[in-house]
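Read through the structure below, which is laid out as C-alpha cells, and then see the notes.
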Amino acid sequence: MSDRPSILVVDDESAILVSLGILFKNEGFEVATAQGGKAGLEALEKRPPDVLITDIRMPGISGMDILATARQQYPEMPVILMTAQAELRTAIDAVNQGAFQYIQKPFETAALVALCRRAYEHRRLKVENKSLRQEIRRRDRSQSVRPIGRSRPFLEVMKLAETVAATESTVLIQGESGTGKEVIARYIHEMSPRADGPFFSINCGALPESLLESELFGHVKGSFTGAVRDHEGLFAAAKGGAFFLDEIGETTPATQVKLLRVLQEREVIPVGGTEAVPVDVRLIAATNRDLEEEIRSGRFRTDLFYRLNVFAIHLPPLRSRRDDIPLLAEAFLKRMAADRKEEPKNLASDALDATLAYEWPGNVRELENALERASTLTKGTEIPASALPERVTERRAEPLVAERVHPNPTLEVIERAYITWVLQAEAGNKTRAAEVLGIDPSTLYRKLSRYENGA
C-alpha cells in the first residue's frame, strides 16, 4: 500500500460522486469514482482500492452485490455502505456478513472521513498481521519440511530452492531417478507464498496419453467413452497452489503443445471442450532426461523447454554427496521405527562403510529401500553389513582410472577415463559435462562417438 490511501466511491448520483471526490482528494486520498453498480464492479476489477464506499440502493447491480464481490475477491478490503433510513436493517445485516461499517445519509463529512481513515488503518494492520503470520509459518515449515543433507552439492541446491521459492517462476528440476526431485519440489512450494494452497503431483510417464490429458486438463461429459460427467483437471483444481509434473520428458508432442498453452496463456481447454478455463497455478517440472538432447533428437519442443527452464535446479546423484548418506540413513531408520512403533536401529560400522562405498545407481530411493529391507531382517538394534543387499556389500567405488589400466597409460586413455567419470558425476547430462570439461558440446559428442566406434 502507498502512503496515500486509495478509495473508490460508487453511487448512482453524479452530484454525490463529485462532492465526495473533492472531499477525499482534499483529505489526502487517491480517489476514484464510479457511477452505478456496473461501473463500480469494473473499477473494482481494474484497480482494487484500499477502501471501498458504496451506496446500497442502485438500479441493476446494488451495493450488496458489490459487497459480495469484494468479500470474495478481496477479503482484506474494508467496505463501507452508505444507507438511507429505510435500508438500515439491510446495512446492519451486511456488517454482520463482513462489511466494515455503514454510515447513514445524510452524514457529516468529517464523520465519513474519520470512518475511512479507521477502515484504512484496519486494512493495514490486517495485511501486516497476515504477512507476519506467513513469515512465522514459513520459518516453521523450513524446519519441519527441510530436506536432509549437509554436503556442499546439496547445500547449493537448497540455496537455489530457497531463492526461487519466494518467486512465481517456473522451475525445472533435473536429476537421475531417485534423487528426490519431488522432495525438492514440495520444499519449494512450502517455502513459497502459495504454501497455503494445494500441491498436486503427477508422473507423466505413468499414464497413457489419453488418460494423462484428461487428468491434467479435465474433460467434458461425452468427450470419450466413459466420460459420464464433466471432470475438472488437476491444473484447475490446483488453484492458488502448485502443480508438480514429474518426468515431463515422457510427454508426447501433442501433450507438450497443451502444456505450452498453460504456460503462455494461463488457461486450459478440457478434452472435448471448446471454452478455455483460466488456471492460477505455479508449475514445477522434473525430468531424469537430458532435455537438450531430447530437443536435438526431435522428441521435445524447444519452446516448451525454454518456458519450463526459467529457473533450473540440477540435483546431484547420491554418489556425489556421500557425506549425506549417514544423515539420510539415520532419518530413514528413525521414521521406519516410528511407523513400526519400535526402538530405532542404527548401522554397524561395517554396514555404514558399505553404504559409503556403494555407488547407489538408484540414489536416495535405493538407499531407503535397502535400509527398509535391512531393518526388517535385523532382530536387534544394530544393523550388520550382512543384512544389506548383496549388491551393496559386494561393490566398491572405482577409482578415476581403474587399477586394471596399464601402469603408464596414454593421454588418450586418461582423457577417456576422465570424460567417463565426469559424465557419471553429471548424471549422463552431456551439456553439463561439456561445461565441466571446458569443451564445446560438439567436441564431446565427437569424442563419445569415437569411443563407441572403438577408435
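The values are calculated or read from the model by the stated rules, or taken from the named source; none is laboratory data. Since the structure is predicted, the reported quantities are computational estimates derived from the model, not experimental observations. Neighbour counts run over all protein chains shown; Cβ positions are idealised from the backbone, glycine included.
Filter segment 341-383 down to the residues that are at positive phi and surrounded by fewer than 16 Cβ atoms within 10 Å (Cβ to Cβ) and list them by number. Before you say what the answer is, go through the steps one by one.
From segment 341-383, those at positive phi are 341, 360, 363; that's our starting set.
Listed by number, the list holds a single entry, K341.
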Selection within segment 161-184 - touching a helix residue (DSSP H, G or I) at 6+ places or on another chain (Cβ under 9 Å), under 22 Å from L259 (Cα atoms) and touching a residue at least 40 places away in the same chain (Cβ under 8 Å): V164, T170, V171, L172, I173, Q174, G175, I184
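Yes or no, residue by residue, for (1) of a type in the set (K, R); (2) in a loop (DSSP other than H, G, I, E, B); (3) assigned by TED's automatic domain parsing to the domain that holds A166; (4) farther than 29 Å from K430 by Cβ:
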residue	(1), (2), (3), (4)
G197	no, yes, yes, yes
F224	no, yes, yes, yes
F244	no, no, yes, no
L260	no, no, yes, no
T274	no, yes, yes, yes
F300	no, yes, yes, no
Residue, farthest from the chain's Cα centre (by Cα), within segment 177-218, restricted to residues that are charged (D, E, K, R), modelled with pLDDT under 90 and within 23 Å of E250 (Cα to Cα): E209
Conditions (1) touching a residue at least 40 places away in the same chain (Cβ under 8 Å); (2) part of a loop (DSSP other than H, G, I, E, B); number of the one not met by T54: (2)
Per-region count, segment 57-95, residues without any contact (Cβ under 8 Å) to a residue 40 or more places away in the chain, of a type in the set (A, V, I, L, M) and part of a loop (DSSP other than H, G, I, E, B): 2
